[in-house]
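Encoded as structure tokens, the structure appears first; notes follow it.
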Amino acid sequence: MLVEKEDNLAIVWINRPDQLNALNIDTIDELGKAMREIDEDKNIRCVILTGSGEKAFVAGADIKEFYQFDVEKGKILSRNGHEKLFNLIEQMGTPVIAAINGFALGGGLELAMSCHIRVASHKAKMGLPEVSLGVIPGYGGTQRLAQLAGKGRAMEIILTAQMITSDEAVEYGLVNHTTTQSELLEKCKEIANKISRNSPAAISSAIAAMNAGFSSGKDGFEKEIEEFGKSFGTKDFKEGTTAFVEKRKPNFTGE
Ligand code: COA
């Protein structure tokens, strides 16, 4: 993992370029820990997650690590991944933007889908090829791809195990924007800057309310009512509304 902090922004690079940034158990633990620390850092208002090297965002879970696992180990691998990294990122109060700079396959696309926003370069190739290996997506792919691209598209992508281009991913709603490789980080920073001007307290409430609608057993509308009400007790709400009345820019602290 490489972490760089610039003002209110953290940029995290998954750094195993010779293995196309494949996610092994140690990388998942390390990335989970780094993300937790960043989420607790009140100076950081947005995170960009990307892959080192020119070739890959993340080319999947590490096949060489798990290919001899049995049923029990397979289940533990999936559950730990969900808990330690994928759900953790999705539930972070600090927004995470995936900058997809190359192959995002299997666990790599699942990682990008657990982020709040995705931007892909024209070089990106995305897919969930697990069924070609005799396994299925195990880090949330069967659920999050259908949420983002619709069930029919998700079925086709997962069952054919084929890769899609960045243009197709935009058309499917899987990524928000596509750029040249050299403009990818700039585009992500532009989005991050717009996010950073807003109330961190309100942003984390908005994420929680939006996520609730996609979590089984939770009522998204109820969560929205709860988080909306909660906003009225924050310093950010006082500052944002007072700044509006006083015709000045707000200075949010996230409290
Ligand atoms: N797990 C473990 N190692 C991986 C990997 C993965 N998911 N993806 C790539 N690598 C490793 C390769 O084994 C190779 O390592 P080596 O040099 O020690 O042999 C290195 O990364 C470079 O990959 P290589 O296959 O030589 O690059 P390529 O340009 O020919 O092909 C891909 C690129 C992405 C098409 C190909 O690596 C691939 O199909 N990877 C697996 C994708 C996948 O099925 N992901 C889902 C896993 S559940």
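The values are calculated or read from the model by the stated rules, or taken from the named source; none is laboratory data. Please read these numbers as outputs of a predicted model, since none were measured by experiment. Cβ sites come from the backbone with ideal geometry, for glycine too, and all protein chains shown count toward neighbours.
Among all positions in segment 80-96, there is no residue which is acidic (Asp, Glu) and not in a helix (DSSP H, G or I).
Scanning segment 150-166 for residues that are free of Cβ contacts under 8 Å to residues at least 40 places away in the same chain, surrounded by fewer than 18 Cβ atoms within 10 Å (Cβ to Cβ) and closer than 27 Å to Thr179 by Cβ turns up Gly150, Glu156, Thr160, Ala161, Gln162. Listed by first and then second residue, the pairs with beta-carbon distance under 6 Å, at least 6 apart or on different chains, first residue in segment 133-146 and more than 21 Å from Glu171 (Cβ to Cβ), second away from the ligand (no atom under 13 Å from the Cβ), are Tyr139/Phe86; Gly140/Phe86.
Within segment 217-250, which residues are under 28 Å from the mean Cα position of the chain (by Cα) and farther than 18 Å from Ser204 by Cβ? Result: Gly217, Asp219, Phe221.
Pairs meeting the criteria (first residue in segment 11-39 and touching a residue at least 40 places away in the same chain (Cβ under 8 Å) and of a type outside the set (Val, Ile, Thr), second residue more than 16 Å from the ligand (Cβ to nearest atom) and in a helix (DSSP H, G or I), beta carbons under 7 Å, at least 6 apart or on different chains) are Asp29/Lys84; Gly32/Lys84; Gly32/Leu88; Met35/Leu88; Met35/Ile89; Arg36/Leu88.
For (1) of a type in the set (A, V, I, L, M); (2) away from the ligand (no atom under 11 Å from the Cβ); (3) exposed (fewer than 15 other Cβ atoms within 10 Å of the Cβ), each residue gets a yes or a no:
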site: Val12; (1), (2), (3): yes, yes, no
site: Asp26; (1), (2), (3): no, yes, yes
site: Ile38; (1), (2), (3): yes, yes, no
site: Val58; (1), (2), (3): yes, no, no
site: Gly93; (1), (2), (3): no, yes, no
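Applying the criterion of being assigned to a helix (DSSP H, G or I) and under 11 Å from Gly93 (Cα atoms) to the residues of segment 36-55, the residue that is farthest from the chain's Cα centre (by Cα) is Glu40.
Among the residues of this structure, Glu72 does not count as one that is modelled with pLDDT under 95, over 23 Å from Met210 (Cα atoms) and of a type outside the set (Gly, Ala, Ser). Residues in segment 121-141 that are more than 15 Å from Lys75 (Cα to Cα) and of a type in the set (Ser, Thr, Tyr) were compared, and the one that is nearest to the ligand (Cβ to nearest atom) is Ser132. None of Asp39, Asp62 is under 23 Å from Gln143 (Cβ atoms), touching a strand residue (DSSP E or B) at 6+ places or on another chain (Cβ under 7 Å) and among the charged types (D, E, K, R) except Asp62. The set of residues in segment 95-116 being more than 15 Å from the ligand (Cβ to nearest atom) and out of contact with any Cys (no Cβ under 8 Å at 6 or more places or on another chain) consists of Ser114, Cys115, His116.
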